[in-house]
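Supplied in structure tokens, the structure appears directly below.
The values are calculated or read from the model by the stated rules, or taken from the named source; none is laboratory data. Note that the coordinates shown come from a computational prediction; the quantities given were computed from them, not determined experimentally. Here the Cβ is made from the backbone with ideal geometry for all residues, glycine too, and neighbour counts use every protein chain on show.
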């Protein structure tokens, strides 16, 4: 047909659409280029092949499944085939990727934590794989480099650990999650007492506090009416089994002490926490979302971020 | 029959062109869309999917009001890269009570189909108030008014009744309530009972304390409650992956 019209056009000259504008303006009615016509026919042939190979036409309550199949391993560990669909293909690709990564993950699973960090090949795997898991799942709160956010989420790159910095403790924190809590003291203590306590807490990490107030605050801290020592312990260094903060170092999470311009504002920040307490510091449990190997990778990654304990 | 057929006849006859174009388009619709209503494999048969509680449902209304769907999809496609980033691919069953569904075909922000439980409530609150304070490179606008606005709960019953007309099994009477107890269990059925909607909404906001402030129910409470339930209803550890493969 294409050849026919082509030769027609050649013998009779190209036809026009028949309209004439302004006396001499005509529109040529050229036939479609031959390459275009055949490409069009080729797409029809492609569609026919596609119908046969892939799921296509609906029939009653089912559909033509197509001849293409995907083979994967089912929950019983047996190979199974199903007609091609994106879910089957994904299952195959996931299992294939697991197979290829297995040598590394087997090594990670089999070795104790400290050995992983020492093995140069594995530790570079942990850094790259751990980093990608960290970026997607942890960075939203702990920030891209693990530096955290004062007032919200702990810094993972320093030496200070609320719940413990050993591999086992980090693994537990990631798997099971955490929930921070400090009762509010705004009602049980009066404003002067809160101020004395804040001065004492500020002095613990070397801040320039009012010494007279700090001395009174110290008494209150260790008394049963203040009762701070119940959780933060006698030496104010906190207890990692309940996640109470170490008050003697310069690391601050809830009170934004480093962000304030002068000592009065720093102490005011501490007062705020004492008055209203804390009912935040929630870390979600990752057990269901990440698998055991990913959590082990992350544990090593986070441990290396902060130099661990 | 086609010996003297010229395509020009169609092209120069507007009425004929219109009829034939409509015929061609409706064949596409009939073949691609209509069968989905009859195929038995379209919606997977999985446990756990339930209608939203009154508070979550109001959160969803605000999600739509603020146009979150223009940047966030709620559909994880069955590709490996998406599964690695967002989690298990979405099932049709998971949005069967969504009217309208929030699948979306364009992402500026990440997919939210499984954001539930991924971050803490306080992260969501802070992130909604000022996204760049949590994610410095974010281009998401601030939604600080969610925390300030009290949630309008005056028409919660009407909203549920409207959804009930579309087929969401909220119960309006005892008979329907008993049917829900059978289908979803008593604890869930209670949250779906329209006469108790307001009581349930306030109770969930109080218990969940989503915005960190128990003194009132804010729009933030509702939005965070909604975000925290997204993608959490189906327990995939109890489903064999090949069973889902066979639903296609």
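Looking at the range B:70-163, what helices (runs of 4 or more DSSP H) fall wholly within it and have at least 3 residues that are surrounded by 14 or more Cβ atoms within 10 Å (Cβ to Cβ)?
Values: elements: B:80-86, B:121-129, B:131-134, B:145-148.
Because the criterion is at least 3 residues that are surrounded by 14 or more Cβ atoms within 10 Å (Cβ to Cβ), the helices (runs of 4 or more DSSP H) in the range B:70-163 that meet it are B:80-86, B:121-129, B:131-134.
Can you find even one residue in the range A:102-114 that is over 24 Å from residue B:238 (Cα atoms), modelled with pLDDT under 85, exposed (fewer than 15 other Cβ atoms within 10 Å of the Cβ) and facing chain B (nearest Cβ under 10 Å)?
no
On to the next question. Can you report the number of residues in the range A:78-97 which are more than 9 Å from chain B (Cβ to nearest Cβ) and over 11 Å from residue B:80 (Cβ atoms)?
4
Does residue B:149 fit the bill of being touching a strand residue (DSSP E or B) at 6+ places or on another chain (Cβ under 9 Å) and more than 14 Å from chain A (Cβ to nearest Cβ)?
It is true that residue B:149 is touching a strand residue (DSSP E or B) at 6+ places or on another chain (Cβ under 9 Å) and more than 14 Å from chain A (Cβ to nearest Cβ).
For the range B:49-69, check the following and say yes or no: at least one residue is in a helix (DSSP H, G or I), within 14 Å of chain A (Cβ to nearest Cβ) and under 27 Å from residue B:218 (Cα atoms).
Within the range B:49-69 (the criterion being in a helix (DSSP H, G or I), within 14 Å of chain A (Cβ to nearest Cβ) and under 27 Å from residue B:218 (Cα atoms)), the answer is no, since none of the residues qualifies.
Mind checking whether some residue in the range B:201-210 is within 14 Å of another protein chain (Cβ to nearest Cβ), surrounded by 16 or more Cβ atoms within 10 Å (Cβ to Cβ), assigned to a loop (DSSP other than H, G, I, E, B) and at pLDDT below 95?
Checking the range B:201-210: at least one residue is within 14 Å of another protein chain (Cβ to nearest Cβ), surrounded by 16 or more Cβ atoms within 10 Å (Cβ to Cβ), assigned to a loop (DSSP other than H, G, I, E, B) and at pLDDT below 95.
Quick one: residue B:181 ticks every box in (1) under 20 Å from the mean Cα position of the chain (by Cα); (2) modelled with pLDDT of 95 or more; (3) more than 14 Å from chain A (Cβ to nearest Cβ) except a single one, so which number is it?
The failed condition is (1).
Okay, moving on. Return the pairs, sorted by first residue and then second, in which the second residue is outside any helix (DSSP H, G or I), the first residue lies in the range A:205-222 and is under 14 Å from residue A:274 (Cβ atoms), the beta carbons are less than 6 Å apart, and the residues are 6+ apart or on different chains.
Matching pairs, first to second residue: A:220/A:226.
Output the residues belonging to the range A:171-195 that are closer than 29 Å to residue A:214 by Cβ and either touching a residue at least 12 places away in the same chain (Cβ under 8 Å) or within 14 Å of another protein chain (Cβ to nearest Cβ) (or both).
A:180, A:181, A:182, A:183, A:184, A:185, A:186, A:188, A:189, A:193, A:194, A:195
Shifting gears a bit: Among the numbered criteria (1) touching a residue at least 12 places away in the same chain (Cβ under 8 Å); (2) closer than 23 Å to residue B:239 by Cβ; (3) within 14 Å of another protein chain (Cβ to nearest Cβ); (4) part of a loop (DSSP other than H, G, I, E, B), which single criterion is violated by residue B:45?
That leaves (3) as the condition not met.
Restricting to the range A:147-170, give me the number of residues that are surrounded by fewer than 19 Cβ atoms within 10 Å (Cβ to Cβ), more than 16 Å from residue A:239 (Cα to Cα) and either within 14 Å of chain B (Cβ to nearest Cβ) or over 20 Å from the mean Cα position of the chain (by Cα) (or both).
Summing the residues that are surrounded by fewer than 19 Cβ atoms within 10 Å (Cβ to Cβ), more than 16 Å from residue A:239 (Cα to Cα) and either within 14 Å of chain B (Cβ to nearest Cβ) or over 20 Å from the mean Cα position of the chain (by Cα) (or both) in the range A:147-170 gives 7.
Would you check which residues across the range B:127-137 are modelled with pLDDT of 95 or more and in contact with a helix residue (DSSP H, G or I) (Cβ under 7 Å, 6 or more places away or on another chain) and list them?
B:127, B:128, B:129
Return the residues of the range A:159-184 that are at pLDDT below 90 and in contact with a helix residue (DSSP H, G or I) (Cβ under 6 Å, 6 or more places away or on another chain); say none if nothing qualifies.
none
Go through the range B:185-199 and report how many residues are in a helix (DSSP H, G or I), crowded, with 19+ Cβ neighbours inside 10 Å and touching a residue at least 40 places away in the same chain (Cβ under 8 Å).
Of the residues in the range B:185-199, 2 are in a helix (DSSP H, G or I), crowded, with 19+ Cβ neighbours inside 10 Å and touching a residue at least 40 places away in the same chain (Cβ under 8 Å).
Which members of the range A:253-268 meet the condition of being within 30 Å of the chain's Cα centre (by Cα) and either farther than 20 Å from residue A:153 by Cβ or surrounded by 15 or more Cβ atoms within 10 Å (Cβ to Cβ) (or both)?
Listed by number, the residues that qualify are A:253, A:254, A:255, A:256, A:257.
Output yes when any residue across the range B:5-14 is touching a helix residue (DSSP H, G or I) at 6+ places or on another chain (Cβ under 6 Å) and surrounded by 12 or more Cβ atoms within 10 Å (Cβ to Cβ), and no when none is.
So far as the range B:5-14 goes, yes, one or more of its residues are touching a helix residue (DSSP H, G or I) at 6+ places or on another chain (Cβ under 6 Å) and surrounded by 12 or more Cβ atoms within 10 Å (Cβ to Cβ).
Can you tell me which condition residue A:172 does not meet? The list is (1) part of a loop (DSSP other than H, G, I, E, B); (2) under 26 Å from residue A:287 (Cα atoms), and all the others hold.
Among (1) part of a loop (DSSP other than H, G, I, E, B); (2) under 26 Å from residue A:287 (Cα atoms), the lone unmet condition for residue A:172 is (1).
OK, next. So which residues in the range A:250-309 are in contact (Cβ under 8 Å) with a residue 40 or more places away in the chain, within 30 Å of residue A:115 (Cα to Cα) and within 14 Å of chain B (Cβ to nearest Cβ), if there are any at all?
Matches in the range A:250-309: A:283, A:284, A:285, A:286, A:287, A:289, A:290, A:292, A:293, A:294, A:297.
Would it be correct to say that residue B:171 is in contact with a strand residue (DSSP E or B) (Cβ under 9 Å, 6 or more places away or on another chain) and at pLDDT below 95?
Considered against the rule, which asks whether it is in contact with a strand residue (DSSP E or B) (Cβ under 9 Å, 6 or more places away or on another chain) and at pLDDT below 95, residue B:171 comes out as no.
Is it the case that some residue within the range B:101-120 is farther than 29 Å from residue A:92 by Cα, within 12 Å of chain A (Cβ to nearest Cβ) and touching a strand residue (DSSP E or B) at 6+ places or on another chain (Cβ under 7 Å)?
Yes, because at least one residue in the range B:101-120 is farther than 29 Å from residue A:92 by Cα, within 12 Å of chain A (Cβ to nearest Cβ) and touching a strand residue (DSSP E or B) at 6+ places or on another chain (Cβ under 7 Å).
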